[in-house]
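The values are calculated or read from the model by the stated rules, or taken from the named source; none is laboratory data. All values derive from a computational prediction rather than experimental measurement. Every residue, glycine as well, gets a Cβ built from its backbone with ideal geometry; the counts of neighbours run over all protein chains shown. Calculation scope for accessible area: heavy atoms of the full protein, side chains included, ligands and nucleic acids excluded. Shrake-Rupley method; radii C 1.70, N 1.55, O 1.52, S 1.80 Å.
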Amino acid sequence: MMKPGTGSSEGRGRAGSGAPRKPEKTYPFFPRTPERALFISSALTVVSFLSHIFFLLLVDPWRVLDFSKESAMAYSTIPLCFGVVFLLSTIYSFIKIESQSIFYVIILICAVAFGSFSIHGLLGFVHHYLNLMVLSSYPR
């Protein structure tokens, strides 16, 4: 009888012992390639920032929606948060691609540009509300 861990095939099957494993569950309609994830997440990064801008345009100059400026700014940060998440997903997908071409680099640059706009918008929102909190704490 051999000691455990020396390559004996006797006994119960353990992880890595060569026992047949269950195949991974894949969805043929949604292939999980890093290239496809890069395209989708970069497009969603751009759409998230543009939806933020479009929402703000609906409120202030066009006056289609009846919100105050403060609540419009608060609601429009939701797409900005999604934009930051999609930016991180874009960067992760770009790292996972094995053969990176110049086309993928251009897509990454566009996603980073709009993702940085989203980060800048979130920081502007935080700065605006911190200024409101500081100014409201002073007695008049």
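A few remarks follow.
- Going through (1) exposed (fewer than 10 other Cβ atoms within 10 Å of the Cβ); (2) touching a Ser or Thr at 6+ places or on another chain (Cβ under 9 Å) one by one, Val112 falls short only on (1).
- Filter result (surrounded by 14 or more Cβ atoms within 10 Å (Cβ to Cβ) and either more than 23 Å from Ile40 (Cβ to Cβ) or acidic (Asp, Glu) (or both)) within the range 75-105: Tyr75
- Pair list, Cβ < 6 Å and 6+ apart or interchain, from the range 105-122 residues that are in a helix (DSSP H, G or I) to residues that are polar (S, T, N, Q): Ile107/Ser42; Ala111/Ser42; Ala111/Thr45; Ala111/Thr90; Phe114/Thr45; Gly115/Thr45
- For the range 64-86, the set of residues classified as farther than 19 Å from Asn131 by Cβ, in a helix (DSSP H, G or I) and among the β-branched types (Val, Ile, Thr) consists of Ile78, Val84, Val85, listed by residue number.
- Selection from the range 120-136 of residues that are open to solvent by less than 80 Å² (accessible area, probe 1.4 Å) and either among the small types (Gly, Ala, Ser) or in contact with a Gly (Cβ under 8 Å, 6 or more places away or on another chain) (or both): Gly121, Gly124
- Residue count, the range 95-104 (criterion: part of a helix (DSSP H, G or I), closer than 13 Å to Phe39 by Cβ and either free of Cβ contacts under 8 Å to residues at least 60 places away in the same chain or β-branched (Val, Ile, Thr) (or both)): 1
- One residue stands out in the range 59-68 among those that are open to solvent by 80 Å² or more (accessible area, probe 1.4 Å) and in contact with a helix residue (DSSP H, G or I) (Cβ under 7 Å, 6 or more places away or on another chain): the one that is modelled with the highest pLDDT, namely Val64.
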